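All remarks here apply to the structure that follows.
The values are calculated or read from the model by the stated rules, or taken from the named source; none is laboratory data. Please read these numbers as outputs of a predicted model, since none were measured by experiment. A quick note on method: Cβ atoms are made from the backbone with ideal geometry, for glycine too, and the neighbour counts reach across all protein chains shown. Accessible surface is based on the protein model in full, side chains and every heavy atom, while ligands, DNA and RNA are left aside. Shrake-Rupley method; radii C 1.70, N 1.55, O 1.52, S 1.80 Å.
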Amino acid sequence: MYFPYFVTYIVVGLLLGLITFGWALHSGQFRDQQRARFLPLVRSETPAATSKFGRLETYVLMGMACIGLLISAFTLIYSLLRG
Amino acid sequence: MMMATFMGLLGATELIAPDLSGNLSWIVFGRVRPIHVNLVLFGFVTPGLLGAAFYFLPRLLDTDLYSEGLGRVSVIVWNLILVCIVLSLAAGYSQGREYAEMIWPVDMLIVIVFTLIFFNFIMTVAQRREPLLYVSVWYACAAIVLTGLTYCLGNVIWRPDSGALVGIPDAILLWFYGHNIFGLLLTPLSLGVAYYVIPRVCRSPLYSHTLSLVGFWSLILVYTHIGTHHLLQVPVPTWLKVIATVDSVGMVIPVMVVLINLWYTAKGRLGEIHADIGGKFVFTGTILYFFVSIQGSMMALPQVQRITHFNNWVIAHSHVGVLGFAGMIALGGIYYILPRAVGKPLYSRYLADFQYWLVLIGVVGFTVVLTIAGLIQGNAWFNGETIYRVLPEIHMYYIVRASLGLIIFVAAVLGFYNIVRTIFGRPAETVVVEGSPTRELLAGSESGLAHQESGLAHQEVAS
């Protein structure tokens, strides 16, 4: 019999979620979203530094991303054909 | 990270040479593997991310941390837990449930430390001067609350002797825990760090805070139910499998919401990301978040899982998730925050960059090698091949995997050296800005620039 544990968790989780969401709504957490966008920038200590990607670095990074995409696509196609 | 990756390397080597550990029972594969997994989780990634959360929470809330003392106690208890994890598992004291191997006293210590951290976080939130909670604060607090609850339930802490239920109900509970300990601890903490670091590195406001809250609440709504997608091939109730599969595919929504938001924030500012080693790690982590999430949604489809599950493909997936996504962001958080926290410049940008490439090559290598090995295993199992015919076929991939493990371990050692030299380096009178045309800026100008940027922010809002 495992349902009591799940039911307890679901009820506690749901209550916590609803209470928190209700508090957020009531305390205006969803207002003034434009200002919220800038919060991490307060106390920024320095101007931004920039540097360029080298050509080799760009190719290697793109190559790695392509490998990731290809291997994921291959797994999907292969599994759908075989599974 | 050094200990955790060394255990991974040792485990991978034992898969090639099973007699390596001889009669030393405390380092046989069955003990090394849980030590590796739990050290990566509780010894490297989570503390790295939590350290960042302890740094950004007071700054985002415009207040001090509620209690520095309580924070220090949390660190001491946390490290005590790590010692207990290694000693108990190496000595063979294990509850034998994947990811939940720790014995009851260690479980209780973990629950206590999460309670301490939650209390510190929530009291910091309560005494804040900034009325709005930035999305990183939401993620950090939710991660602690949800993990506390998930940990108690998943480890069946009301049964100290076994830490388990019996039969299928225990499998359901275990995978509920096994998936959520990553999805409701590492994911929200990592996203909280990414939402803090990327706008700061780019000196650009978040693309949309509303969108970030949509992502947060949809993650909370969807992620909690998907653990059962690891049990599609066992007799658990069908309704639970349906919920797990639908929600796993539904995870595409919170994931894409987060990535669109972060990538649009960084749009046109990749030069700034490239110039900051912390930002570089974090941004790469977001790209790997894309891969691991797409893989996760894909794997939850029963048709795909027949080939990809219960083999090395899942190990590839977990390495992309824990090392590639959360680990990269944890390292980024450390490199971004450490020089600011200790007031000293990073010892070596070159070493950090070298570590970045080693970790990246290791993660991509793991993905390729373990995917190939996994597909060979999955296909063989699907065709009813016996295991002794499959093992020689994947032996070569196990050797490459151990070699990649060595690369990751070297990366960890380099990172450790760099961090130690940074902490114990000479205190700088000036703040060094890597790659900046001027290179040095007086530390005292921080507040002035803050007011300046704050003013700019208000101007933009007003317009």
For region B:130-140, 3J(HN,Hα) per residue [Karplus equation, 6.51 cos²θ - 1.76 cosθ + 1.60, θ = phi - 60°, Hz, x = Gly/Pro]: 8, x, 7, 8, 5, 4, 4, 5, 4, 4, 5
Pair B:ILE16, A:THR58: separation of 7 Å Cα→Cβ label points (nm): 3.7
C-alpha long axis of helix B:2-16 to longest principal axis of chain B, angle in °: 30
How tilted is helix B:104-126 with respect to the longest principal axis of chain B? Cα atoms for both, answer in degrees (0 to 90, nearest 10). 20
Span from the region B:224-242 Cα centroid across to the region B:258-309 one, whole angstrom: 26
Got a sec? Charge dipole of chain B, +1 on Cβ for Lys and Arg, -1 for Asp and Glu; which of B:VAL166, B:PRO302, B:LEU346 is way out at the positive end? B:LEU346
Would you mind finding the longest exposed-site-free stretch of chain B, with exposed chymotrypsin sites (Phe, Trp or Tyr not before Pro) meaning DSSP loop and at most 10 other Cβ atoms within 10 Å? B:159-423
From the phi angles alone, apply the Karplus equation (6.51, -1.76, 1.60; θ = phi - 60°) to region B:207-215 and give each ³J(HN,Hα) in whole Hz, x where the residue is Gly or Pro. 3, 8, 6, 4, 4, 5, 6, 4, x
Leaving ligands, DNA and RNA out of it, report the carbon-plus-sulfur percent of the accessible area of region B:167-298 at a 1.4 Å probe. 74
Zone of B:TYR93 (label point 7 Å along Cα→Cβ, backbone N under 20 Å): which residues in region B:34-50? B:34-40, B:42-43
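Beyond 25 Å, what share of the Cα-Cα pairs of region B:29-185 remains, rounded to the nearest whole percent?
The calculated P(r) of region B:29-185 puts 31 percent of pairs beyond 25 Å.
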Could you check the simple spin-label distance between A:VAL11 and B:VAL166, using points 7 Å along Cα→Cβ, in nm with one decimal? 2.5
Ellipticity estimate at 222 nm from DSSP helix runs (n ≥ 4, -39,500 (n - 2.57)) divided over chain B, nearest 500: -23500 deg cm²/dmol
State, as an integer percentage, the relative contact order of region B:2-428 based on alpha-carbon contacts under 8 Å between residues 6 or more apart. 17
Can you give me the C-alpha center-to-center distance between region B:326-345 and region A:22-83, rounded to a whole angstrom? 18
Put a dot 7 Å past each Cα toward the Cβ at B:GLU68 and B:THR238; how far apart are the dots in nm? 6.1
Expressed as a whole number, the average count of other chain Cβ atoms within 10 Å around the Cβ atoms of B:219-229 is 1
In Å², rounded to a whole number, the accessible area per residue of chain B with probe 1.4 Å is 39
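Quick check on the protein assembly as shown: what does the Kirkwood estimate of hydrodynamic radius come out to from the alpha carbon pairs, in Å?
Kirkwood radius, the protein assembly as shown: 24.1 Å.
Can you give the local net charge around B:GLY415? Use residues other than it whose beta-carbon is closer than 12 angstrom to its beta-carbon, Lys and Arg +1, Asp and Glu -1.
Overall, the nearby charge balance is 0.
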Taking each residue in B:198-210, count the Cβ atoms of any other chain within 10 Å of its Cβ, then average. What number comes out? 5
For chain B, just the Cα set please: Rg and Dmax, both in angstrom. 22.2, 73
Roughly how many whole Å is it from the C-alpha centroid of region B:113-145 to that of region B:54-89? 13
Peptide A:19-28 - average C-beta neighbours from other chains (10 Å radius): 2
Heavy-atom accessible surface buried between A and B, both sides counted, 1.4 angstrom probe, nearest 100 Å², is 6300
State the answer as a single residue: which of B:VAL145, B:LEU39, B:VAL314 lies farthest towards the positive end of the charge dipole of the protein assembly as shown, with beta carbon charges of +1 for Lys and Arg and -1 for Asp and Glu, about the Cα centre. B:VAL314
Which percent of the accessible area of region B:1-106 is formed by carbon and sulfur heavy atoms (probe 1.4 angstrom)? 66
Using θ = phi - 60° and the Karplus relation 6.51 cos²θ - 1.76 cosθ + 1.60, list the HN-Hα couplings for region B:404-416 in order, rounded to whole Hz, with x at every Gly or Pro. 5, x, 5, 4, 5, 5, 4, 4, 5, 5, 4, x, 4
Residue range of chain B that is longest and free of GluC sites (Glu not before Pro) which are both DSSP loop and sparsely packed (at most 15 other C-beta within 10 Å): B:99-384
Tilt of helix B:168-181 relative to the longest C-alpha principal axis of chain B, in degrees (0 to 90, nearest 10)? 30
Explain nothing, just the number: dipole magnitude of the protein assembly as shown about its Cα centre with +1 on each Lys and Arg Cβ and -1 on each Asp and Glu Cβ, in debye rounded to the nearest 20. 500
